[in-house]
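Here the structure comes first, spelled out in structure tokens, and everything after it is commentary.
Any read-out appearing in this document is the output of simple, stated calculations on the displayed coordinates, not a laboratory observation. From a predicted model like this one, the values you see are computed outputs, not experimental measurements. A quick note on method: Cβ atoms are made from the backbone with ideal geometry, for glycine too, and the neighbour counts reach across all protein chains shown.
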Amino acid sequence: MPTPAAPANQSGIVPGRWRKLTIIGIPLFADNNEVSVLSTLAPVIIAALALPLQALGLLVSLAKGISIVAGPMWAVIARKTNRKMAFGFASVMTGLGTAACGLTQNYAQLVIAWSLTAVFVAAALPIVSEITMDLFDEKSRGRANGYTWGAVSLIGSIAGPLTGQLANVEDGWRYGFFIWGAITVLAGLVLMAFFKDPGLGASEPTTNMMTAEQKAGNSKLTWAKTRQLLAIPTFVVMLLQRILSGHLLIASFGIVFLVKTYGFNTAVAAVILLPFGLSYVAGTIIGGAVTDALHVRNPRFGRIRVLQFAQFGFGIAAIIGTQFNWGSIWVFAVFWALMGFMQGLNPGVNRPIVAAVVPPEMRGAAFALMLSVFEALGFVIFNLLAGFLGETIGLTAVMFWIPGVLMLVNGAFCTILYRTYPRDTHRLETLLQTRAGQTAGAQ
């Protein structure tokens, strides 16, 4: 059954929106945590299967590479069938695949199980991002995205150090995959049983003024509409900005970096996940609220300023935090907390920026391109580089250039948005008002 059109709703406030957001947020966390299991327990997995350092980069890059194809595929499947059932099915299959990773006996088997799991993991970002935009209106999207990713990080920040303790258990990494596989399956079943899709464009008053026929026509996802996305300058800038997101390397290589560069054992190094995650939560909550407030006060530039602050702040914290041996894991934890806060600002600002310039019926494709393709492309490039360059020039140099210097470049690049964003938001507002006028004239 195709994604339903939203019921008439002139206010743009979707009933029960926070409860619905919570339900889709549970499998989003579970889907994302199998990567945390791999990254947190990477040192013991590498030792158990006799793998080189490049293996970690190859595995995480492989998953993201698969999402470049699978992410848009799931966006299309969800739109043409049923968003709830597509996401629920993908979550259940993700859980089964994650558990299968714990059964692998060699690198080849791990690659196969990890690759199959990645196909289903790719459904989460585009589907959840689109539904979130349908649940919340323009004034509250920053908070909604901030709270979602804050909750995901909060649970992960608690689970991360606990997962790290499995390094002290024989074959503990296998138990990590089994546990999160089971949790993910359960989350997918809860989603399919209790979530009710708000419908495409449910939070847009102008969209809700349309007839059922007009909504159906606008909701059709075609290649022509997808190509239209690339004609939106702000969206193109946001795509390129995601490729430059070197901060993603901290999540996949942070533990290995501390173990190999500064001599901490895996269980101790995993301690930094807690302050990183808690600060990420603070960043999402504070960032979402501040972004919404600045947007109300300055709709033209408020969001852009938050986005730039996040990129510059992360780059500075990464350079200072990784280039010196601070001795104590708790000093490193302070810098990881700063990086977590800066990274936490992003979900509450980049998704609302995209939603403000892309028509409702094209947002699923937009988020698939931004998160599943371009962000994944950057992730693949940086993790492959980190794996291979880590063996030659060292992980310290890798951390200097990718999470550090590149993020400063990212912040400078975002300056282009000061020119494109006001024009593109005005175009979308005009389009939606035109649609509303056509609807009123036809009645």
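Taking a ≥ b ≥ c as the square roots of the Cα gyration tensor eigenvalues, the chain comes out prolate, since a/c reaches at least 1.5 and a/b is larger than b/c.
Dividing the convex hull volume of the alpha-carbon atoms in the range 68-112 by its residue count gives 63 Å³ per residue. What angle, in degrees between 0 and 90 and rounded to the nearest 10, separates the Cα long axis of helix 107-121 from the longest principal axis of the Cα atoms of the chain? In the chain, helix 107-121 runs at an angle near 20 degrees to the longest axis. Once the C-beta distance of THR430 and PHE194 is scaled by a Förster radius of 45 Å, the resulting FRET efficiency is 0.70 to the nearest 0.05. Per-residue Karplus couplings for the range 418-426, computed as 6.51 cos²θ - 1.76 cosθ + 1.60 with θ equal to phi - 60°, are listed in order as 4, 8, 8, 4, x, 5, 6, 5, 5 Hz, Gly and Pro entered as x.
Pairs of Lys residues in the chain that lie 8 or more places apart, or on two chains, and have C-alpha atoms under 16 angstrom apart add up to 7.
If R0 is taken as 25 Å, the Cβ-Cβ distance between ILE112 and GLU391 corresponds to a FRET efficiency of 0.55. On the basis of the beta-carbon distance and an R0 of 25 Å, TRP330 and TYR175 show a calculated FRET efficiency of 0.35.
As a length-normalised measure over Cα pairs under 8 Å and 6 or more apart, the relative contact order of the chain settles at 27 percent. Label positions at VAL405 and ASN265, each projected 7 Å from the Cα along the C-beta direction, are separated by 3.7 nm.
Computed across the range 83-172, the Kirkwood hydrodynamic radius from all distinct Cα-Cα pairs reaches 15.4 Å. On a 0 to 90° scale, report how tilted helix 83-101 is relative to the longest principal axis of the chain, with both axes built from alpha carbons and the result rounded to the nearest 10. With both axes taken from Cα atoms, the answer is about 10 degrees. Look at the dipole of the range 12-134 built from charges on Cβ: of THR104, ILE131, ALA48, the Cα furthest out on the positive end belongs to ILE131. Where q = 0.19 Å⁻¹, what log10 of I(q)/I(0) comes from the Debye formula for the range 274-401, counting one point per Cα? With one equal scatterer per Cα and no solvent, log10 I(q)/I(0) is -1.16. Highest-first packing order for the peptide set 325-337, 378-390 is 378-390, 325-337, based on the mean count of other beta carbon atoms within 10 Å.
Taking the longest Cα principal axis of the chain as reference, the axis of helix 17-40 is set at about 30 degrees. Every Cα-Cα pair of the range 33-149 was included, and the share exceeding 19 Å stands at 52 percent.
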